Every structure is written in C-alpha cells, then in structure tokens.
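Presented below is the structure to which this report refers.
Rule-based calculations on the coordinates, nothing more; no lab input. Worth saying up front: this structure is predicted, and the values here are computed from it rather than measured. As a convention, Cβ positions derive from the backbone with ideal geometry for all residues, glycine included, and neighbour counts pool all protein chains shown.
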C-alpha cells in the first residue's frame, strides 16, 4: 500500500470517526452526543427586548440556526401581558424551552422544542407571608444544604442562566446562585400567592 493510499485511508477513518462522534443521538431533542444537558422543569417569562422576537435555535449555541422566533410582548405583571415558556433543559447558559404562550395560555406563540440564550428569560423571587419583609435565599449550588450566595427581596426579577431539576440558576445585581422551586415565581399574580 502506498503512502498516499494510507494517508487517504487514515483521513477517511478520521472523518468517519468525527462524523460519528458529532452525529445526533437520535432522541427527540436532536442534541449532539457530546453535549451534556441538565434536565429540569422551570417556568419563566421572556425579557428579550428585541422587537423582532426571541430567537429559538436548533441547538445550544449561536452556531445553531434560528428556526423560529417567539414574538415580542412587553412583560407587565399588573396588566397580565407577556410570554411564558417552560424550561426543560440547560447546558451552559443555553436553555431548552418547550412551548411559549401569552399570559394564562391565551395564545400559543411557539409550539415545540428549541434553545434560547438563558439571560433573555427571567423569573421573580417569591416568599410566603409579608412580601415587603420577606427575603429569599440564593444558594451556591442546587442543594438546600449548600452555602448561601446571598439573599434577595421577594419580588426581585432575576435572569435565568441555567437549571437542574426544579432549581433555577440565576443572576441579578452582581449576585449569582440557585433558587429552589419554592422561591421562584414566573406567574406572580395568579399562581404563587
């Protein structure tokens, strides 16, 4: 076998191996096998100011094509306007969403699965009792036994940067950490009180 034939065979094997490693896994999400995805279930609302709408991508990153947009709606908790989504997974600061609808399910604006940049989604902190005096614990890890990253006033809007289980990874005002399920409220007026 000549050196040129060996090089071509080696390149072919290398290319086949790389294609195999980056091929979709075949599950419904279509995520490449080299991406670790945290499974979660977190509600959020869209805070993307882009009047064109929130880009929904086929995978977790700017390198993936935009295949849909969630139309822009101003968030107004008093007048009950905005767009809410269900977050079902995360990797890095990219969140996998399922469906997007207006307040109370009035209008479906996005149906299916897709990926969005996390800090364009938010939730509010929530605590039972006197909302003016209430504070919410922000943990350093998604575990109630973890050290505290700090505390926030109830009703504080926080950007979502990741998730794991029912925990939301958040950032706001120079603070980053994790909120447990009981301290999150994407639907403050109707379902968190």
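By per-residue mean of other Cβ atoms within 10 Å, what is the highest-first order of 88-97, 36-45? Intermediate values should be presented prior to the final figure.
Details: 88-97: 21.7, 36-45: 18.3.
Ranked by mean Cβ neighbours within 10 Å, highest first: 88-97, 36-45.
Highest mean packing first, where packing is the average number of other Cβ atoms within 10 Å per residue, the peptides 114-126, 136-148 line up as 114-126, 136-148. Net length available on complete extension from residue 151 to residue 68 is 26.2 nm, with 0.36 nm assigned per residue and the Cα-Cα distance removed.
Remark: region 38-185 is approximated by an ellipsoid whose semi-axes, taken from the C-alpha gyration tensor as √(5λ), come to 25, 18, 12 Å, largest first.
Got the relative contact order for region 38-185 handy, in percent, Cα pairs under 8 Å and 6 or more residues apart? Once divided by the residue count of region 38-185, the mean separation gives 23 percent.
With r as the distance between the Cβ atoms of residue 41 and residue 107 and R0 = 22 Å, compute the FRET efficiency 1/(1 + (r/R0)^6) and round to 0.05.
FRET efficiency, residue 107 to residue 41: 0.45.
Per-residue extension of 0.36 nm, minus the Cα-Cα distance of residue 76 and residue 141, leaves a gain of 20.3 nm for this segment.
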